[in-house]
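Enquirer: Can you read through this structure? Questions will come right after.
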Amino acid sequence: GMSEAIEIVTRSATLRPSSFDAGTGEFDAIFATDNRVKVVLPRIGVVWEELDVSPSAMRLDGLRGGNVPVLDGHNKGSASAIIGRVVAVRTERGVAVARLRLSDAADVQPIRDRIADGTIRHVSVGYVVHRHERIGEQDGFSVLRAVDWTPLEISIVAIPADPGATIRSGGGTVAHHKESSMS
């Protein structure tokens with residue numbers, strides 16, 4: 001019910017460095033694809049998860065309203081960790097792309113510089129799934145398709161995490177980190 005903590009799952013996203021505009025601090029990130037990724041879901045365990053990236057499956061009001069933050073390393077506890085926001089979203093051929101705008105604040109400038117010069121190449125999306133559909137099995141694990149889900153935040157991250165690492169974030173929620181290097 002409503003008393004349960006929201007379980008935030010994170011998975012890798014892809015920064016498009018060629019899209020970075022130093023003047024505006026804006027760039028594109030592919031924050032969701034329909035690729036199957038192995039995730040650890042609370043109370044369910046290890047599953048293959050696919051995200052339905054159609055506009056009907058994604059709750060995009062927060063993104064469209066500018067209310068989805070860009071965070072420094074999934075840090076939800078510090079106001080200064082909010083380094084930007086999502087300003088637009090679009091879907092194309094099985095991927096969902098967010099346009100991110102970094103803050104003009106002085107403490108964000110080093111991050112802007114590192115994205116501009118290619119030093120920072122990793123992003124990650126935090127999301128919550130409201131409804132999964134079981135669509136089959138692969139390698140002995142259930143395949144679940146997220147048919148109703150909300151992107152909550154997009155983070156700039158330093159190092160891709162161990163795909164097997166399950167961490168408990170603030171509030172006792174379970175967040176699974178699945179991040180991979182940009183090709």
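The values are calculated or read from the model by the stated rules, or taken from the named source; none is laboratory data. Note that the structure is predicted; figures quoted are calculated from it, not measured. No Cβ is skipped: glycine too gets one built from the backbone with ideal geometry, and neighbour counts run over all protein chains shown. Heads up: the accessible areas ignore ligands, DNA and RNA and are worked out on the full protein's heavy atoms, side chains in. Shrake-Rupley method; radii C 1.70, N 1.55, O 1.52, S 1.80 Å.
Enquirer: Restricting attention to the range 100-111, which residues are open to solvent by 50 Å² or more (accessible area, probe 1.4 Å) and free of Cβ contacts under 8 Å to residues at least 60 places away in the same chain? Don't jump to the end; show me each part of the working.
Expert: Step one: list which residues in the range 100-111 are open to solvent by 50 Å² or more (accessible area, probe 1.4 Å), which gives 101, 104, 106-107, 109-110.
Listed by number, the residues that qualify are ALA106, ASP107, GLN109, PRO110.
Enquirer: Pull up the range 49-67, narrow it to residues that are modelled with pLDDT under 90 and under 14 Å from the mean Cα position of the chain (by Cα), then point me to the one that is surrounded by the most Cβ atoms within 10 Å (Cβ to Cβ).
Expert: Checking each candidate, the answer is LEU63.
Enquirer: May I pose another question? Going through the range 142-156 one residue at a time, which ones are among the hydroxyl-bearing types (Ser, Thr, Tyr) and in contact with a Ser or Thr (Cβ under 8 Å, 6 or more places away or on another chain)?
Expert: Selection gives SER155 alone.
Enquirer: Now for a separate question. Would you check if SER12 is open to solvent by less than 40 Å² (accessible area, probe 1.4 Å), of a type in the set (Ser, Thr, Tyr) and at pLDDT below 90?
Expert: Working: open to solvent by less than 40 Å² (accessible area, probe 1.4 Å): yes; of a type in the set (Ser, Thr, Tyr): yes; at pLDDT below 90: yes.
Spelling it out, SER12 is indeed open to solvent by less than 40 Å² (accessible area, probe 1.4 Å), of a type in the set (Ser, Thr, Tyr) and at pLDDT below 90.
Enquirer: Those residues that are in contact (Cβ under 8 Å) with a residue 24 or more places away in the chain and either open to solvent by 20 Å² or more (accessible area, probe 1.4 Å) or of a type in the set (Val, Ile, Thr) (or both), I need them from the range 112-121; list them, please.
Expert: Going residue by residue through the range 112-121, those that are in contact (Cβ under 8 Å) with a residue 24 or more places away in the chain are 112, 115-116, 118, 120-121.
The answer is ILE115, ALA116, GLY118, ILE120, ARG121.
Enquirer: Then there is this: Can you tell which of VAL46, VAL97 is in a strand (DSSP E or B), surrounded by fewer than 18 Cβ atoms within 10 Å (Cβ to Cβ) and in contact (Cβ under 8 Å) with a residue 40 or more places away in the chain? Walk me through it before giving the result.
Expert: Details: VAL97 fails: surrounded by fewer than 18 Cβ atoms within 10 Å (Cβ to Cβ).
Of the residues listed, the single one that is in a strand (DSSP E or B), surrounded by fewer than 18 Cβ atoms within 10 Å (Cβ to Cβ) and in contact (Cβ under 8 Å) with a residue 40 or more places away in the chain is VAL46.
Enquirer: Here's another thing I want to ask about it. Kindly indicate which of ASP52, ASP72, ASP34 is more than 29 Å from PHE141 (Cβ to Cβ) and touching a residue at least 40 places away in the same chain (Cβ under 8 Å).
Expert: On the way: ASP52 fails: more than 29 Å from PHE141 (Cβ to Cβ); ASP34 fails: more than 29 Å from PHE141 (Cβ to Cβ).
Answer to the check: ASP72.
Enquirer: Sort through ALA22, ALA79, ALA88 and tell me the only one that's in contact with a Lys or Arg (Cβ under 9 Å, 6 or more places away or on another chain), free of Cβ contacts under 8 Å to residues at least 60 places away in the same chain and open to solvent by 30 Å² or more (accessible area, probe 1.4 Å). Walk me through it before giving the result.
Expert: Details: ALA22 fails: free of Cβ contacts under 8 Å to residues at least 60 places away in the same chain; ALA79 fails: in contact with a Lys or Arg (Cβ under 9 Å, 6 or more places away or on another chain).
Matching residue, one of ALA22, ALA79, ALA88: ALA88.
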